[in-house]
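**Q** Pasting a structure here, questions to come.
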Amino acid sequence: MKTYSRHDFTREERAARAKVAISAAFESKEQAFLDFVLSHYVRVGVQELDQEKLTPLLRLKYNNSIADAVAHLGKPEDIGRVFIGFQKSSAILEPATLIEDYRASNAAFRAATETANHAQQGDPNALGRLLVEIAAERKPPLHLPVGADAVQLVEQHHNSVLNDIKAWRAKSSNTAFNAG
């Protein structure tokens, strides 16, 4: 599990520890952007590390100008690699204590994460182009699953939720207070 979502360190502690790994792996301009990202992570939470937050964070940091972000940090695909890269295993910290009951599942999760790392589906250059296109949109999407696999998973989830709503609509609706 990524350190950023663990509960045995505060967000401030996790961010401070991640900055050590960032300082060794990234150039100063990239470090400045990642420090900005981490400050949002500390204030808001782990959702600030989601891939869909990259464009809004770039806009916020670079005065609503993706062009300035690109001029400062490099090509969109490089920016994406930096944003994802600092969250990889080089910045993942082992918990201070490991609960014995979770040792096996934790090890299995880490092994699966390492196997999947750098083997993700999709073209990072295409993602970079998409991010630039979205950045130019007057009304960019609030949610954008990226990749056919992600789209399929989100569609399956939403269909499952809709089926539950349909099946339980009457009983769920009957929990409202009666007027009068």
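The values are calculated or read from the model by the stated rules, or taken from the named source; none is laboratory data. Remember, it's a predicted structure, so these values are computed and weren't measured experimentally. Quick reminder, even Gly has a Cβ in these numbers, built from the backbone with ideal geometry, and neighbours come from all protein chains shown.
**Q** Given the structure, is Val146 among the β-branched types (Val, Ile, Thr), surrounded by 12 or more Cβ atoms within 10 Å (Cβ to Cβ) and outside any loop (DSSP other than H, G, I, E, B)?
**A** Judged against the criteria, Val146 is not a match.
**Q** Same structure again: Keeping to segment 163-180, report how many residues are of a type in the set (Phe, Trp, Tyr) and either part of a helix (DSSP H, G or I) or modelled with pLDDT of 90 or more (or both).
**A** 1
**Q** Sticking with this one: May I ask you to list pairs of residues, at least six apart or on different chains, whose Cβ atoms are under 6 Å apart, with the first in segment 112-137 being assigned by TED's automatic domain parsing to the domain that holds Leu58 and the second being modelled with pLDDT of 85 or more and hydroxyl-bearing (Ser, Thr, Tyr)?
**A** If the second residue must be modelled with pLDDT of 85 or more and hydroxyl-bearing (Ser, Thr, Tyr), the pairs left are Leu131/Thr55; Ile134/Thr55; Ala135/Thr55.
**Q** Do we have Val46 as of a type outside the set (Ser, Thr, Tyr) and at pLDDT 85 or above here?
**A** In short, no.
**Q** Now for a separate question. Name the pairs: first residue in segment 59-88 and in contact (Cβ under 8 Å) with a residue 24 or more places away in the chain and under 23 Å from Ala18 (Cα atoms), second residue assigned to a helix (DSSP H, G or I) and of a type in the set (S, T, N, Q), Cβ to Cβ under 6 Å, at least 6 apart or on different chains?
**A** Glu77/Asn125
**Q** Taking Ser28, is it at pLDDT 85 or above and more than 30 Å from Lys139 (Cα to Cα)?
**A** Considered against the rule, which asks whether it is at pLDDT 85 or above and more than 30 Å from Lys139 (Cα to Cα), Ser28 comes out as yes.
**Q** Give me the helices (runs of 4 or more DSSP H) completely within segment 66-121, filtered to those with at least 1 residues that are under 17 Å from the mean Cα position of the chain (by Cα) and modelled with pLDDT of 85 or more, ordered by residue number.
**A** Helices (runs of 4 or more DSSP H) meeting the threshold: 76-85.
**Q** Against the definition (surrounded by fewer than 17 Cβ atoms within 10 Å (Cβ to Cβ), under 29 Å from Ala107 (Cβ atoms), in contact (Cβ under 8 Å) with a residue 60 or more places away in the chain and in the same structural domain as Ile134 (by TED's automatic domain parsing)), how does Gly45 come out, yes or no?
**A** So Gly45 fails the test.
**Q** Among the numbered criteria (1) exposed (fewer than 14 other Cβ atoms within 10 Å of the Cβ); (2) among the small types (Gly, Ala, Ser); (3) closer than 15 Å to Gln51 by Cβ, which single criterion is violated by Ala135?
**A** With respect to (1) exposed (fewer than 14 other Cβ atoms within 10 Å of the Cβ); (2) among the small types (Gly, Ala, Ser); (3) closer than 15 Å to Gln51 by Cβ, Ala135 is out only on (1).
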